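J.: Provided herewith is a single structure, encoded as structure tokens, for subsequent inquiry.
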Amino acid sequence: MTVGGEFGFAAYGQLRLHPWTAAAYASGADRDLFILVANQAAALGMSAFDGRTDGLQWHPTDVADGWTGELPPGLIFRCGFQADVDLPLQSAGLVLQQATDRVGTLELERLEVRVGVKAADPLRFVDGREWFEFSDPSGALPARVSLSCAGDDLVSKVEPWLGRTVGFGQATEDGWEVTLRSTSLDYLAWVCGVLAWACADDEVLVRFGFGQDTQAQASSS
């Protein structure tokens with residue numbers, strides 16, 4: 001079963017530009033997030049945004065980034081995608097990570113992912129689970145996950161698919177205190193896909209909070 005739909009990312013925190021990219025942007029370079037994501041997705045065969053009609057999976061829409069002055073301070077990027085197949089969140093997160101790595105060093109404080117259409121078959125998560133489990137466990141970090149949907153049995157539903165990649169701790173008003181393997185956008189996008197699949201709502205908003213953002217959310221809940 002393949003379905004189309006929309007999904008979007010909004011990242012908050014800091015992006016420290018590499019010296020060479022800061023100089024390039026100061027000189028008027030036009031390699032913004034939209035161009036970087038569109039070109040890389042097409043080069044990797046993930047998108048036919050370049051005009052091809054074969055193998056179309058998804059393409060970016062409504063893209064803006066803060067490092068070229070389009071967004072207010074603190075909002076690193078906002079990126080929407082239109083998918084023509086079962087939503088490939090992990091691949092979109094990977095290309096976003098590559099785009100930010102190309103221009104600077106990403107320090108993520110909060111990530112919001114809106115999922116409009118969800119995976120039909122949870123077996124699609126198995127490859128990601130095995131990939132992310134095979135990583136250095138010493139890199140695990142505390143975070144907070146919040147969901148727009150409710151469900152007391154959601155943890156038991158997602159744990160088999162998430163495996164050792166996420167450690168669930170204390171429940172909060174709208175989510176959990178957790179430990180996550182990393183803040184890489186491909187990993188967080190994959191986790192979002194699993195959580196959204198388990199929710200009954202048609203559209204799901206998943207929020208990750210790190211560092212000061214985690215503490216601020218916890219004190220306000």
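J.: Has region 51-64 got any residue that is modelled with pLDDT of 90 or more and surrounded by 15 or more Cβ atoms within 10 Å (Cβ to Cβ)?
T.: yes
J.: Condition first: surrounded by 22 or more Cβ atoms within 10 Å (Cβ to Cβ) and either outside any strand (DSSP E or B) or small (Gly, Ala, Ser) (or both). Now tell me which residues in region 65-87 satisfy that.
T.: 83, 87
J.: If you scan region 1-24, which residues turn out to be open to solvent by 40 Å² or more (accessible area, probe 1.4 Å), within 17 Å of residue 67 (Cβ to Cβ) and of a type in the set (Ser, Thr, Tyr)?
T.: Answer for region 1-24, where residues must be open to solvent by 40 Å² or more (accessible area, probe 1.4 Å), within 17 Å of residue 67 (Cβ to Cβ) and of a type in the set (Ser, Thr, Tyr): just 12.
Yes/no matrix, rows are residues, columns are (1) part of a loop (DSSP other than H, G, I, E, B); (2) among the basic types (Lys, Arg); (3) open to solvent by 60 Å² or more (accessible area, probe 1.4 Å):
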{"residue": "130", "(1), (2), (3)": "no, no, yes"}
{"residue": "135", "(1), (2), (3)": "yes, no, no"}
{"residue": "144", "(1), (2), (3)": "no, yes, no"}
{"residue": "155", "(1), (2), (3)": "no, no, no"}
{"residue": "162", "(1), (2), (3)": "no, no, no"}
{"residue": "167", "(1), (2), (3)": "no, no, no"}
{"residue": "176", "(1), (2), (3)": "no, no, no"}
{"residue": "182", "(1), (2), (3)": "yes, no, no"}
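J.: Quick test for you: out of 180, 147, pick the one residue that is of a type in the set (A, V, I, L, M) and touching an Asp or Glu at 6+ places or on another chain (Cβ under 7 Å).
T.: 147
J.: Let me ask something else. Is at least one residue of region 97-119 in a helix (DSSP H, G or I) and within 22 Å of residue 164 (Cα to Cα)?
T.: no
The values are calculated or read from the model by the stated rules, or taken from the named source; none is laboratory data. Values in this document were obtained by computation on a predicted structure and should not be read as measured data. Cβ: placed from backbone, ideal geometry, glycine included. Neighbour counts: every protein chain shown. These area figures cover heavy atoms from the full protein model, side chains too; ligands, DNA and RNA do not enter into them. Shrake-Rupley method; radii C 1.70, N 1.55, O 1.52, S 1.80 Å.
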